[in-house]
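Quick notes on the structure that follows.
The values are calculated or read from the model by the stated rules, or taken from the named source; none is laboratory data. Quantities reported herein were computed from a predicted structural model and do not represent experimental measurements. Backbone-built Cβ (ideal geometry, glycine too); neighbour counts: all protein chains shown. What goes into the accessible areas is simple: the full protein's heavy atoms, side chains included, and nothing from ligands, DNA or RNA. Shrake-Rupley method; radii C 1.70, N 1.55, O 1.52, S 1.80 Å.
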Amino acid sequence: SSVIHLEHIRKSYFIGKNELPVLKGINLDILKNEYVALMGPSGSGKSTLMNMLGCLDSPTSGKYVLSGHDVSQMEDDALARVRNKEIGFVFQQFNLMPRLSALENVAVPLIYAGINKKDREDKARFMLEKVGLGQRYKHRPNELSGGQCQRVAIARALVNDPSLILADEPTGNLDTKTSIEIMDIFGSIHASGNTVVLVTHEEDIAAHARRVVRLRDGLIESDRLNAEILAEA
Ligand code: ADP
Ligand code: ADP
C-alpha cells in the first residue's frame, strides 16, 4: 500500500499578482518500507515538495493521499493532526530544544500524543538506546556532538511510530565519518520497516537509499532503483 500518493501536484507561490510555479505536475507513489533519496539542483523544488509531503504546506492543485488520508484540501488544524501522527522529521540543523535533555527532547512528540510521563520516559529511553545513545540521555544538546544531536533528533522522529520519516539534508552539518554513522542508522530504521524519504545533494548519501527520485525545474526528471543503476555500471 502507498504511504505517499501524489497525483498531478502543482504548487505555486504568489508574490503579489505574480504566480511563481514551482511544482509543475508531480505524480509519485512511495510504498510502505521504501527508502527514497530526493535529489535535484538548487531551486528545483525539493524543499517545496518536502514541505508538502510533511503537511507543512498544501498543494495549489492536485491530490495528496498520505497513509490513506486525503490531505490535499485539509484545513491547517486537521493537517497538523495528521502531521503529528504520521510524520517524523529530521533536519540538517537538528532543531533540538536547547534547555531540554536528550530524553526530554525525544519525549516531546509524546506530550502532544497525550502519553503519561512515565510511559513517555520509558519510550524515549528505549528510542535513545535504539540509536546508540542510551548512556547520554541526561545530556543537553550543547553537551553532545553533532552526530549525537542528530541521533537524538532521529529518536525523536521515531518515537511516535510515524508512517513516514522525512529527512532534509540530515548529514549536511556532519563530517564524513559521522555522516556514515548516521546513514547506518537510517539503514537500520529502514530495515526495521520504516518508510524513509531524504533530501540530499550528495551522491554518496543517495547511494544508501533504494530509490533515487530526481527533480528538475519542478518536474520528476528520473526515478530509479539504485540496484538498476549499479547493474548498468
Ligand atoms: P530546492 O529545495 O530544490 O532548492 P525550493 O523548493 O526551495 O527548491 O525552491 C524552488 C523555487 O521556489 C525557488 O525559486 C525558490 O526561490 C522558490 N520559493 C521557495 N519557497 C518560496 C516561498 N515561500 N515563497 C516564494 N518563493 C519560494
Ligand atoms: P534549501 O537549502 O532547502 O534549498 P532554500 O534556501 O531554498 O533552502 O530555502 C530555505 C527556506 O526558505 C525554505 O523554507 C523555502 O521555502 C524558503 N524560501 C526559499 N526561497 C524563498 C523566497 N524566494 N521567498 C520566500 N521564502 C523562500
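Based on this model, can you work out whether Leu6 counts as out of contact with any His (no Cβ under 8 Å at 6 or more places or on another chain), away from ligand 1 (no atom under 13 Å from the Cβ), under 27 Å from Pro109 (Cβ atoms) and touching a residue at least 12 places away in the same chain (Cβ under 8 Å)?
Yes: the conditions hold for Leu6.
Given Gly54, Gly25, Gly16, which one is at positive phi, within 16 Å of ligand 1 (Cβ to nearest atom) and in contact (Cβ under 8 Å) with a residue 24 or more places away in the chain?
Matching residue, one of Gly54, Gly25, Gly16: Gly25.
For the condition assigned to a helix (DSSP H, G or I), of a type outside the set (Phe, Trp, Tyr), within 16 Å of ligand 2 (Cβ to nearest atom) and open to solvent by 20 Å² or more (accessible area, probe 1.4 Å), what is the one hit in Asn51, Asn95?
Asn51
Within the range 152-185, can you find the residues that are more than 16 Å from ligand 1 (Cβ to nearest atom) and under 16 Å from Val3 (Cβ atoms)?
Scanning the range 152-185 gives Ala157, Leu158, Asn160, Asp161, Pro162, Ser163, Leu164, Ile165.
For the condition away from ligand 2 (no atom under 16 Å from the Cβ), touching a Phe, Trp or Tyr at 6+ places or on another chain (Cβ under 9 Å), over 19 Å from Val196 (Cβ atoms) and assigned to a helix (DSSP H, G or I), what is the one hit in Arg125, Arg120?
Arg125
Output the residue which, of all residues in the range 5-35 that are of a type in the set (Phe, Trp, Tyr) and loosely packed, with under 15 Cβ neighbours inside 10 Å, is farthest from ligand 2 (Cβ to nearest atom).
Among them, the one singled out is Phe14.
Output the number of the condition that Leu38 fails; it satisfies all remaining conditions of (1) touching a Gly at 6+ places or on another chain (Cβ under 9 Å); (2) within 22 Å of Pro170 (Cβ to Cβ); (3) within 16 Å of ligand 2 (Cβ to nearest atom).
It is condition (1) that Leu38 fails.
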